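One structure is given below, encoded as structure tokens.
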Amino acid sequence: MNIAVPIRHVVDLIEPMTLVESQTQIDYDDASFVINETDDHALEQALLLSDRIPGSSVIVMAVDFGDVDASLYAALAKGAAKAIRVAYDGDQPPSADQAAAAFAQLVRELECELVLAGSYAHGEIDGMLGPALAHELQWPYVGVVRGVRLSGEAADRATVFKEFPGAVMAELTVSVPAVIGVVGAEQPPRYVPVSRIRSVMKSSEIEDRELTIPEGASHVEIARFEVPSTGQRAQMLSGDTEELVMEVAKILHEQGISP
Amino acid sequence: MSTQTGSIDDLAVLQDLPLPPSRQTFLHCMQCGSCTGSCPLGPAMEYPPRQLILQARSGKLRKVMESPSLWMCVGCYVCSLRCPRSIELTDALWPALRDRAMQEGIQPPGELQEAFHNIHLYGNSLGKSPRRRTRWAEGLDVPVRDLSRDPSPTDVLWIVGDYPSFYPRNQVVARQFAQILTALEVDWAIVGNKERTLGDCERLYGEEGLFESLVEYHRDLLEELQFNLIVTLDPHGYRALRHYYPRWGVHFPVQHAANFLADRLDQLKPLLTKPIERTITYHDNCCAGRRYGNFDAPRDLLRAIPGVELVEMDHHRETALCCGGGGGGMWLDSHIAAHGGPRLSDQRVREAATAQADILAVSCPFELSRFEDSAKVTGFEDQIQVRDIVELLAQSMDLTSGE
């Protein structure tokens, strides 16, 4: 079984964020990037599944925006069989639809039967990759999943554990092929020593692909971006529950946050 | 002993550990137990040092590598320095086993993983933005020359270190050290936001690849600059530059800040005008202290401060108790506590209290926060203040922290 893991790089929020002059976009030239956290979990879950199913392989793929090489090599060092970098020359990240169109081509070509994608990415403004990809492939989609088990003679069923608000977890069965949106793997993403990553960088290659990525504006038009201001003080409140609630409500009103 | 070729239990694997032949002396261990008897965390380890070597030589390397003991050494050097066979447990064997364990897919404790990850991504263990590394110097009342902007020659290159750069409690020490250097008319500079951790603790905790990447980074950065000496507040950074970087062909002269200042005591002493009427005890850090015998310079500095009465804890100089933060221990408190290990910094603060000290003086960035936290936990917060030697010198020089 080939398991596809699309990974995205998102703006690293530990760095101070700057905007372009028009205030409608992040200045991506000045930003640094990091692998999307839930994609890292999707990769881990895929590797766990691959360990359990003899003959299976994990294929990671990324659209080349935001220095993806480091994460692709790290994925190879962790045990992915192949890493693919999709050429892209846009000045902002691909939309969910664009990325889904690219990844769907690879999933079909490589005859993948399962896609594990991160359930969300903080840079997604106009839709989520998982459902968009499932739509492209016409496969079922389940998101916000913690843990995936495959069963059936041909591993044609996946049991997933889906989170709902209020600490409710549902166990669902979905037929494979499917796209699964992972919010957390069964275990934290594995650590791989830097020496192994460096070794993989010398011994393995990332495969470059040029694919048809549809152009077209996002469905969402950004009116304005604002970088949140950070406060420099903390106000300690005291009192019983009712007093505290009234005080908080008053502060929210004074700050213009509540009517 | 397993006869399966290539198995992790194979003795040949042990001999294949990334140790140069001169360091294969662990095969000569005579099982005297001096190491285990000396190890401050030995009683909590499933495999204390003697047992670790015994199990490894018996072909049970996997047991050792899968044991929590592998991640409990805090790099205090007591075992290494007392070993009658001069086995380099701290510098060589432990790191090699950890490196091998990680290569085999054995996961280090979560806190340590996060530190490695932060260093790999951001060049510092705290996971802070590299672009904010020089914020400690904002508003300082002395000029700070940044060689990343102005690469003209300097006499002293000060590698500030992660904690003095980012951690608020330590930033005070950074600011005051800058003021002291300026007061001494030292020609000094920093590398600004291009600075990264020197990597000593990462090497001790088995991340040889990460360490190597840091050596390469610093080689490329520093060979382009012109300076005569590197000074660092961090004894671990000092050890890395003095002991390990040369193995990769990277040679830079380096001094720990305490030695640098002690060498200039003639200039410094007239500036120490304000008395500090306190009883002070000095904690010898393991790296610059026990490892390299730098015991006198910090004491000379403290004695030079008028009004100071210097007392010694029961364990001092070669026998000093470790604070528990070195060699990666800074990121292993949870792991060590979860496996029954004592908090070494708590023990040390109790010793300081027994010595009737008002101030516990330190010269390592890890120790400030570790001992201050322990002072609160052990209930000695009102009796004992923790101060870096730099802070005490600055106080006697009547320097503010430039706020």
For chain B, calculated [θ]222 nm from helices alone, where every DSSP H run of n ≥ 4 adds -39500 (n - 2.57): -10500 deg cm²/dmol
I need the calculated FRET efficiency for the pair B:Arg131 and B:Leu54, taking r as the beta carbon distance and R₀ as 60 Å, to the nearest 0.05. 0.75
Give me P(r) over chain B, computed from all C-alpha to C-alpha distances, binned every 10 Å, as integer percentages. 5, 23, 32, 25, 12, 3, 0, 0
At what distance in angstrom do the alpha carbon centres of the stretch B:320-356 and the stretch A:58-110 lie from each other? 46
As a test of the formula, what do you get for chain A when each DSSP H run with n ≥ 4 contributes -39,500 (n - 2.57) and the sum is divided by the residue count, at 222 nm and rounded to the nearest 500 deg cm²/dmol? -9000 deg cm²/dmol
Can you give the percent of C-alpha pairs in the stretch B:331-403 whose distance is more than 19 Å? 41
Given all pairs of different Cα atoms, what value in angstroms does the Kirkwood hydrodynamic radius of the stretch B:174-215 take? 12.4
How far apart, in nm, are two points set 7 Å out from the Cα along the Cα-to-Cβ line at A:Gln92 and at A:Thr24? 0.8
Would you mind putting B:260-266, B:362-368, B:75-81 in packing order, based on average other-beta-carbon counts within 10 Å, highest first? B:362-368, B:75-81, B:260-266
30 Å Cα cut-off, lysine pairs counted over chain A (separation 8 or more, or different chains): 4
What are the equivalent ellipsoid semi-axes of the stretch A:148-259, built from the alpha-carbon gyration tensor (square roots of five times its eigenvalues), in whole angstrom, biggest first? 44, 27, 22
May I ask for the angle, rounded to the nearest 10°, between helix B:168-183 and the longest principal axis of chain B, with both axes built from Cα atoms and the value confined to 0 to 90°? 50
Treating only the Cα positions of the protein assembly as shown as identical point scatterers, give the base-10 log of I(q)/I(0) from the Debye formula at each q in 0.07, 0.09, 0.11 Å⁻¹. -0.56, -0.91, -1.24
Would you list, by chain and number, the aspartates and glutamates whose Cα falls below 15 Å from the Cα of B:Lys274, excluding same-chain residues fewer than 8 positions away? B:Glu309, B:Glu391, B:Asp398
Hey, with R₀ at 22 Å, roughly what FRET efficiency would B:Ser152 and B:Glu223 work out to, going by the Cβ-Cβ distance, to 0.05? 0.90
Any idea what angle helix B:365-377 forms with the longest principal axis of chain B, computed on alpha-carbon atoms, 0 to 90 degrees, nearest 10? 90
If we sort A:6-16, B:226-236, B:240-250 on the protection proxy, mean other Cβ atoms within 10 Å, highest first, what's the order? B:226-236, A:6-16, B:240-250
Taking the Cα centroid of the stretch A:27-56 and of the stretch A:173-196, what is the distance between the two, rounded to the nearest whole Å? 7
How big is the C-alpha Rg of chain A next to the rule-of-thumb value 2.2 N^0.38 Å, as a ratio? 1.15
Please give, to one decimal in nm, the separation of the simple spin-label points placed at B:Ala338 and A:Gln255, each 7 Å out from Cα toward the Cβ. 3.5
Mind checking Rg over Rh on the stretch B:140-274, alpha carbons, Kirkwood formula for Rh? 0.97
GNM top mover of B:Gly161, B:Gly328, B:Gly293 - chain B, alpha-carbon springs below 10 Å: B:Gly293
Return the average number of partner chain Cβ atoms within 10 angstrom of each residue Cβ along peptide B:102-108. 4
Taking every residue in A:237-248, how many Cβ atoms of other protein chains lie within 10 Å of its Cβ, on average? 0
With everything on Cα atoms, drop me the angle between helix B:208-222 and the longest principal axis of chain B, reported from 0 to 90° to the nearest 10. 30
Which value, in Å³ per residue, describes the convex hull spanned by the Cα atoms of the stretch A:1-155? 111
Place the peptides A:100-113, B:134-147 in order of packing, highest mean first, counting for every residue the other Cβ atoms within 10 Å and averaging per peptide. A:100-113, B:134-147
What relative contact order, as a whole-number percentage, does chain B give when Cα pairs under 8 Å and 6 or more residues apart are counted? 17
What residue among B:Ala178, B:Ala352, B:Ala338 has the largest mean-square fluctuation in a Gaussian network model of chain B, using Cα springs under 10 Å? B:Ala338
Length-normalised contact order of chain A, Cα under 8 Å, at least 6 apart, in percent, tallies to 23
So if we plug the beta-carbon distance of A:Ser175 and B:Lys376 into 1/(1 + (r/R0)^6) with R0 = 41 Å, what FRET efficiency do we get, rounded to 0.05? 0.10
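None of the figures in this text is laboratory data; all of them are computed from the coordinates on show. Remember, it's a predicted structure, so these values are computed and weren't measured experimentally. Here the Cβ is made from the backbone with ideal geometry for all residues, glycine too, and neighbour counts use every protein chain on show.
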